[in-house]
Amino acid sequence: MKKILLLGSGELGKEFTISAQRLGCEIIACDSYFNAPAMQVANSSKVFDMLDASKLKNVVIETNPDFIVPEIEAIRTEELLKLEEQGFKVVPSARAVNLTMNRDEIRNRANSLGIRTAKYKYATNIEELMNATKSIGFPCIVKPVMSSSGKGQTKLNGYKDVEKAWVEASRNMRGDRSKVIVEEFITFNSEITLLTVRQKLGQTIFCPPIGHIQSEGDYVESWQPCDINENLLKDAQNISKIITDDLGGYGIFGVEFFVLEEEVIFSELSPRPHDTGMVTMFTQNLNEFDLHLRALLELPIPNILLLRKGYSTVIKALDNIPKNSEYKIEGLEKALLLNNVDIRIFGKSKAWSGRRLGVILSSDKENGLAAKRFINVLKN
Ligand SMILES: Nc1ncnc2c1ncn2[C@@H]1O[C@H](COP(=O)(O)OP(=O)(O)O)[C@@H](O)[C@H]1O
Ligand SMILES: [Mg+2]
């Protein structure tokens, strides 16, 4: 029985744990808070600050896992590089996890591989930010180099927005790096996630492309397959192959692209299942969690089959929910009356405005939104 140390126990970790247990693995789920979603289904759990190098190392040494599987970015990844050198297996590789945690490092890497991205500059203080926006032009987007789910991200329309953007980014910076990236704003037609599976026993394979819509940098809905020109999809697959080969290791990668009329532009990548890929729980023979698991265990993946098309939309707490509220989700009995609708409730014990608490999976958008209208998150 393989022992997996899961670093991060959110909703993606929970589904990964379920997939892993179905193939007889033992999962030790870690996070900074007690009873996180994956902990509810894991064999055991550890609560500690994963940004603390010595705590992270101690847990790894103590549990001695066959695989270390990061589920989130906020981890002391430098320590993972050291642990990998000592012989621990980090999924997909410590380098992939380390580079992608830092927007600047993965961006520089993409650049050196000749992959086109939005124009960008970095800044470490407000004066530098002012100059960077001058050279990129408006509108542009400012993001902390370490952050996820759109946290600390601002769209700037002119110099008047620079200060606000710096404050917002500083407030949401993770880790100890006071640095932002300024990106040219790309007016795309659509955006996609290309789930890319690197495996030992076969070629790199791709899930059918997933379309998605983000609001304030956070995922709201996704669908699969999405409509994209064949040649542009080929380009996206080629780019995904180049960058995932460079990062190395075995597992699934969520590679994000902006799709324009005549080109795709690489945006970012996660070396793990992707939130927009939750739709694969509804659509594929093997969902993104099953695929990640099979790839890391070096088990065969003979095919990825789209069984039916699907749509996903998140259930979030709205502004009426104050920080750390006890809450309840109402309306399941009505929403689930609809044909071809399924719902996952993540089991987070506390809610706050904007916190993702569940996801609706359905055959199409109309159906998914009909279900969503019945769902209410209420303060207890
Ligand atoms: N340069 C850009 N031009 C236009 N939209 C962008 C740009 N960068 C980010 N966005 C929007 O913000 C979303 C989140 O940005 P992303 O870089 O993926 O951050 P995160 O790591 O928080 O997901 C993107 O999916 C896209 O909708
Ligand atoms: Mg993203």
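The values are calculated or read from the model by the stated rules, or taken from the named source; none is laboratory data. Note that the structure is predicted; figures quoted are calculated from it, not measured. Note that each Cβ is placed from the backbone with ideal geometry, even for glycine, and that neighbours are counted across all protein chains shown. The protein model used for the area step is the full one, side chains on, heavy atoms only, and it has no ligands, DNA or RNA in it. Shrake-Rupley method; radii C 1.70, N 1.55, O 1.52, S 1.80 Å.
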Charge dipole of the chain built from unit charges on the beta carbon (Lys, Arg +1; Asp, Glu -1), centred at mean Cα; most positive-end Cα among ALA42, LEU113, ALA123 is ALA42
Given the -39500 (n - 2.57) contribution per DSSP H run of 4+ residues, what per-residue ellipticity at 222 nm results for the chain, rounded to the nearest 500 deg cm²/dmol? -9000 deg cm²/dmol
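With the cut-off at 28 Å, tell me which of the pairs LYS316/LYS365; LYS119/LYS200; LYS3/LYS379; LYS14/LYS328; LYS121/LYS160 have Cα atoms farther apart than that.
Those over the limit are LYS119/LYS200; LYS3/LYS379.
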Pull out a ≥ b ≥ c, the square roots of the eigenvalues of the alpha-carbon gyration tensor of the chain, then state rounded if a/c is under 1.5, prolate if not and a/b is larger than b/c, and oblate in the remaining case. rounded
In the range 269-373, trypsin sites (Lys or Arg not before Pro) in a DSSP loop with at most 12 other beta-carbon atoms within 10 Å: ARG308, LYS323
Looking at the square roots a ≥ b ≥ c of the eigenvalues of the Cα gyration tensor of the range 215-276, which shape do they give, rounded for a/c under 1.5, prolate if a/b is larger than b/c, or oblate? oblate
Using DSSP to define loop residues, name the GluC sites (Glu not before Pro) in the range 276-380 whose beta-carbon has at most 15 other beta-carbon atoms within 10 Å. GLU298, GLU326
Dipole magnitude of the range 44-128 about its Cα centre, charges +1 at Lys/Arg Cβ and -1 at Asp/Glu Cβ only, in debye to the nearest 20? 380
For GLY354, what is the net charge nearby, where nearby means another residue's Cβ is under 15 Å from its Cβ and Lys, Arg count +1, Asp, Glu -1? +3
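In the chain, which helices (entire DSSP H runs) extend 24 Å or more along their own long axis, judged by Cα positions, while averaging at least -1.0 on the Kyte-Doolittle scale? Working shown, then result.
Details: long enough: 230-247 (26 Å, -0.39).
Sorted by number, the helices that extend far enough and score high enough are 230-247.
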State, as an integer percentage, the relative contact order of the range 119-184 based on alpha-carbon contacts under 8 Å between residues 6 or more apart. 46
Which of ALA351, ALA295, ALA29 moves most in a GNM of the chain, Cα contacts under 10 Å? ALA351
Give me the accessible area per residue for the chain, probe 1.4 Å, as a whole number in Å². 43
Using the Cα centre of the range 119-184 as origin and beta-carbon charges of +1 (Lys, Arg) and -1 (Asp, Glu), tell me which of GLY137, SER147, ALA169 is placed farthest towards the positive end of the dipole. SER147
Give me the number: length gained by fully extending SER32 to ASP104, i.e. 0.36 nm times residue separation minus the C-alpha to C-alpha distance, one decimal in nm. 23.4 nm
Solvent-accessible ranking of GLU78, GLU221, largest area first, probe 1.4 Å: GLU78, GLU221
Dividing the mean separation of Cα pairs under 8 Å (6+ apart) by the residue count of the range 310-379 yields a relative contact order in percent of 51
Connecting every pair of Cα atoms under 10 Å apart in the chain and solving the GNM, the largest mean-square fluctuation among GLN153, GLN214, GLN199 falls on GLN214
Under the rule of at least 5 residues apart or a separate chain, name every residue whose amide H is placed under 5 Å from the amide H of LYS46. ALA29, CYS30, ASP31
Mean Cβ neighbour count within 10 Å, used as a protection proxy, ranking 43-53, 7-17, 260-270 highest first: 7-17, 260-270, 43-53
Shape category assigned to the range 190-296 from the gyration tensor of Cα positions, a/c cut at 1.5: oblate
At 0.36 nm per residue, minus the direct Cα-Cα distance, what do GLU366 and LEU336 gain on full extension? Give it in nm, one decimal, please. 9.4 nm
Average Cα contact separation per residue, the chain, under 8 Å, 6 or more apart, as relative contact order %: 13
What figure, in Å² to the nearest 10, do you get for the accessible area of TYR311 with a 1.4 Å probe and non-protein molecules left out? 10
Taking +1 at the Cβ of each Lys and Arg and -1 at the Cβ of each Asp and Glu, which of PRO70, ALA351, LEU81 sits farthest along the dipole of the chain towards its positive end, judged by Cα position relative to the Cα centre? ALA351
Place a +1 charge on the Cβ of each Lys and Arg in the chain and a -1 charge on the Cβ of each Asp and Glu, then give the dipole magnitude about the Cα centre in debye, rounded to the nearest 20. 660
Expected output is a single nm value to one decimal: the length gained when fully extending between ARG177 and SER190, i.e. 0.36 nm times separation in residues minus the C-alpha distance. What is it? 1.6 nm
Distance between the C-alpha centers of the range 225-265 and the range 1-62? Whole Å please. 30
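For the range 218-320, which whole percent of the accessible surface, found with a 1.4 angstrom probe, sits on carbon and sulfur atoms?
With neighbouring chains kept in place, the figure for the range 218-320 is 49 percent.
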For LYS57, go through the aspartates and glutamates and keep the ones whose alpha-carbon is under 20 Å away, minus same-chain ones fewer than eight residues off. GLU26, ASP31, ASP49, ASP66, GLU71, GLU73, GLU78, GLU79, GLU84, GLU85, ASP176
